[in-house]
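The values are calculated or read from the model by the stated rules, or taken from the named source; none is laboratory data. Since the structure is predicted, the reported quantities are computational estimates derived from the model, not experimental observations. Note that we place each Cβ from the backbone using ideal geometry, even for glycine, and neighbour counts take in every protein chain shown.
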Amino acid sequence: MLRRIGSVRLPSAAALGALLLAGSSVSFGQDAMRPPVAQIIPKIDTVNGDVRTDNYFWLREKTSPEVINYLEAENAYTESVLKHTEALQKTLYDEMLSRIKETDLDVPEKNGDYYYYTRTEEGKQYPIRCRKQGSLDAPEEVLLDPNALGQGHKFFDIGVFKVSDDHTMLAYSVDTTGSEEYTLYFKDLRNNATFKDELRNTSTGVEWAADNRTVFYNTLDSAKRPYKLFRHMLGASQKNDVLIYHEADEAYFLDVSKTRSHAYLLITLESQTTSEVRYLAADNPKGEFKVLQPRKHEMEYHVDHHGDDFYIVTNDRARNFRLMKAPVADPGMANWSEVIAGRDAVKLDDIDAFADHLVVYEREGGLKKIRIRSFNSNEDFYVDFAEPVYTYSPARNPEFNTNLLRFTYTSLVTPRSVYDYDMTAKTRELKKQYKVLGGYDPSKYTSERIFAKAPDGTGVPISLVYKKGMKRDGSNPLLLYGYGAYGISSDPNFSSNRLSLLDRGFIYAIAHIRGGGEMGRPWYDDGKLLHKKNTFTDFIACAEHLIDEKYTSTPKLVINGGSAGGLLMGAVVTMRPDLFGVVVAKVPFVDVVNTMLDESIPLTVIEFEEWGNPKEKKFYNYMKSYSPYDNVTAKPYPTMLITAGLNDPRVGYWEPAKFTAKLRTMKQDDNLLLLKVNMGAGHGGSSGRYDYLKEIALDYAFILDRLGLAK
């Protein structure tokens, strides 16, 4: 679970007085075309000797009618201001929908004697989960239809979908609010009957034991942290479930998984910098989990299994991680031996252990690679990828005894393509390339990678895609995307929705800034804690480079980011508001200091190792120097669209709401400022595929309208 993610200046005395006279709660004005005004109600406290004033703290009261009225007024204002774009929104929606094969089938995935797959039907919001036994010509068995289950719910999300090892039982979980708090259900696939068991307040950690009747699952504490592991027997009441482990340290999340061999159950306990794994034979569900290696501050490791050994990816004495193995009989660190050494230029991301092959996922020079080693011959080789800018993602690959590795390949110009790679023959088979309807021709587009220079001289990669024939004369509209946190990489993938911009002359760019993981672990470390500002200055350097090289110009430069990328948007806008033309900030983590001071908020404690603990003066001062909410001052700002989710457990809706309210009071310009709150969803927005497309259409219409390109 990831977030998202100062001195407060008050408005002038005259402005403050006018706002306080506006009413006891909220002043919306008489005209829906006028922006709502949130009342200033100062909340004053002292932190590290600094007196802090938060004028919009009251917006946190989710149950308050005044708060709901204010959010609805913001939505009404946004709707009224964008009403003239409704035809454009529909045009964009129809364009994006027309490129999608609405009734479609994913590539079936073999698992034992069954082929599992999802399929979509025209007009239905959610994929249907199915399987066939024996062959693809066998009759279809519908395992779960979220379209039927989700009727009557504005939001509906399947969290867990796990079939038991003998393929007779299904565990699935449901969230109907966007809060990421799930209820776990069980279904007997032999007779299609649903058990009475309902396990509430669960997260997404669920695993079957080898007896196919015992389930291990995790639950959430009051801060939405997965912290307890329980053992459940099918048919029993949740109140009788056995507590297996309680992680008391609020900096750690608890997850449960199973090795690819299905031989062992694993409890993984992770903070942002430290991990610990406990293991139990899957055929001994009532046994006791054993610690593989006790946690050691700032040492991370994760585990897979093969034969008599555990294989361990760790950063112990290897900043970019290395691969170790240890005997199952005694896997403590004293018995670890090196399999692949750590390398300065190569990040070892992960592994998959199969019966005859070890698959190693690496990253070098900003690009992902697949390395395969034969357990029998010890031969090493890499999978070839032809394009200069690309990415891939491994499939679930549920079978252990197989020579086939499935992965999905894509690039900025190549649609999602599913391959089966024969690890013995070193050959690949394209199983499916997802169609882009309407005659998409990849030869009409080109992608490239360039580098900007950060203030400290660091080269920052930028991935670009645009329609061929683009002229670098500064006249092109350009959308620059960024994230830059948690070591997560913004890899260059394909989006058919993006064609609605590219075909209107846009350049689409990704800033691979520090704080992400594109260039290895040091790239992440140099964009967190007391180095966090590198993320923002890297992004600004990318924007300046694109302008200097005449890919675009300030009036036509659009920037976009969400969650922690929304923090990026807020930070660069408060640092350099003159540099950008239009800003779209999705569920932005913009109230950094206040949120990180409040340990009751989900994710706060675990993220001390990402942002720092503001109760320590050095982190407080540093956060305050970049926290967007704390750095809104009286000056002009670019045109902005800000979004929020009322039920968001990762970035409280009040953060974008407070940020918007303060901007309205302080900004010295006539540029449009809009807040759109999804009143029935959480961090990811709408759950249905059609509803989600409508959200994208609104974003694109806003951008095109503001740039004068609404045709």
Completion exercise
Restricting attention to region 353-367, the residues that are surrounded by fewer than 19 Cβ atoms within 10 Å (Cβ to Cβ) and modelled with pLDDT of 95 or more number exactly 3
Fill in the blank from the handout: If we take region 13-111, then helices (runs of 4 or more DSSP H) inside it with 1 or more residues that are modelled with pLDDT of 95 or more and surrounded by 14 or more Cβ atoms within 10 Å (Cβ to Cβ) are 65-81, 86-98
Completion exercise
Just one listed residue, out of Phe385, Phe407, Phe451, is on the phi < 0 side of the Ramachandran plot and not in a strand (DSSP E or B), and it is Phe385
Exercise for the section: Using the structure shown, decide if Tyr311 is assigned by TED's automatic domain parsing to the domain that holds Trp208, on the phi < 0 side of the Ramachandran plot, surrounded by 15 or more Cβ atoms within 10 Å (Cβ to Cβ) and of a type in the set (Phe, Trp, Tyr). Expected result: no
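For region 406-450, enumerate the residues that are among the hydrophobic types (A, V, I, L, M, F, W, C), closer than 18 Å to Tyr361 by Cα and more than 25 Å from the chain's Cα centre (by Cα). Lay out the reasoning, then the answer.
At the first step, the residues of region 406-450 found to be among the hydrophobic types (A, V, I, L, M, F, W, C) are 407, 412-413, 418, 423, 425, 430, 436-437, 450.
Pick out the ones that are also closer than 18 Å to Tyr361 by Cα and you get 407, 418, 423.
Of everything in region 406-450, just one residue is among the hydrophobic types (A, V, I, L, M, F, W, C), closer than 18 Å to Tyr361 by Cα and more than 25 Å from the chain's Cα centre (by Cα), namely Met423.
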Exercise for the section: Could you grab me the full set of residues in region 455-485 that are buried (at least 21 other Cβ atoms within 10 Å of the Cβ) and assigned to a loop (DSSP other than H, G, I, E, B)? Expected result: Pro477, Gly482, Tyr483, Gly484, Ala485
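Scan region 425-443 and tell me whether some residue there is closer than 26 Å to Lys162 by Cβ and in a strand (DSSP E or B). Give the steps one after another, and end with the answer.
Residues of region 425-443 closer than 26 Å to Lys162 by Cβ: 431-432, 434.
So of that shortlist, the ones also in a strand (DSSP E or B) come out as 431-432.
Yes: one or more hits.
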Completion exercise
Selection from region 205-237 of residues closer than 18 Å to Asp165 by Cα and assigned to a strand (DSSP E or B) yields Gly205, Val206, Glu207, Trp208, Thr214, Val215, Phe216, Tyr217, Arg231, His232, Met233
Exercise for the section: Taking the residues in region 117-164 that are part of a loop (DSSP other than H, G, I, E, B) and more than 29 Å from the chain's Cα centre (by Cα) as candidates, determine which candidate is nearest to Thr204 (Cα to Cα). Expected result: Glu140
Fill in the blank from the handout: Of the conditions (1) modelled with pLDDT under 95; (2) of a type in the set (D, E, K, R); (3) loosely packed, with under 14 Cβ neighbours inside 10 Å, the single one that Glu387 does not satisfy is (3)
Handout entry: Long-range neighbours under 6 Å by Cβ, at least six apart or interchain, first residue under 30 Å from Asn376 (Cα atoms) within region 421-438, second assigned to a strand (DSSP E or B) and of a type in the set (Val, Ile, Thr)
Key = Met423/Ile372; Lys431/Val418
Problem - Qualifying residues in region 272-291 (those that are under 25 Å from Phe400 (Cα atoms) and under 29 Å from the mean Cα position of the chain (by Cα)) - the one surrounded by the most Cβ atoms within 10 Å (Cβ to Cβ) - result: Val277
Practice task
Output the residues belonging to region 628-674 that are farther than 20 Å from Ala38 by Cα and more than 21 Å from the chain's Cα centre (by Cα).
Solution key: Pro638
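Restricting to region 329-352, name every residue that is over 30 Å from Val460 (Cβ atoms) and surrounded by 17 or more Cβ atoms within 10 Å (Cβ to Cβ). Even if it seems obvious, please write down each step before you answer.
Narrowing region 329-352 to residues over 30 Å from Val460 (Cβ atoms): 329-339, 352.
Those that are over 30 Å from Val460 (Cβ atoms) and surrounded by 17 or more Cβ atoms within 10 Å (Cβ to Cβ): Pro331, Trp336, Val339, Asp352.
Please work out if Asn376 is under 23 Å from the mean Cα position of the chain (by Cα) and not in a strand (DSSP E or B). Even if it seems obvious, please write down each step before you answer.
Numbers: under 23 Å from the mean Cα position of the chain (by Cα): no; not in a strand (DSSP E or B): yes.
No; evaluated as a whole, the condition is false for this residue.
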Exercise for the section: From (1) in a strand (DSSP E or B); (2) within 24 Å of the chain's Cα centre (by Cα); (3) surrounded by fewer than 17 Cβ atoms within 10 Å (Cβ to Cβ), pick out the condition that doesn't hold for Glu250. Expected result: (1)
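On the given criteria, is Lys431 out of contact with any strand residue (DSSP E or B) (no Cβ under 6 Å at 6 or more places or on another chain) and either of a type in the set (Lys, Arg) or modelled with pLDDT of 95 or more (or both)?
Judged against the criteria, Lys431 is not a match.
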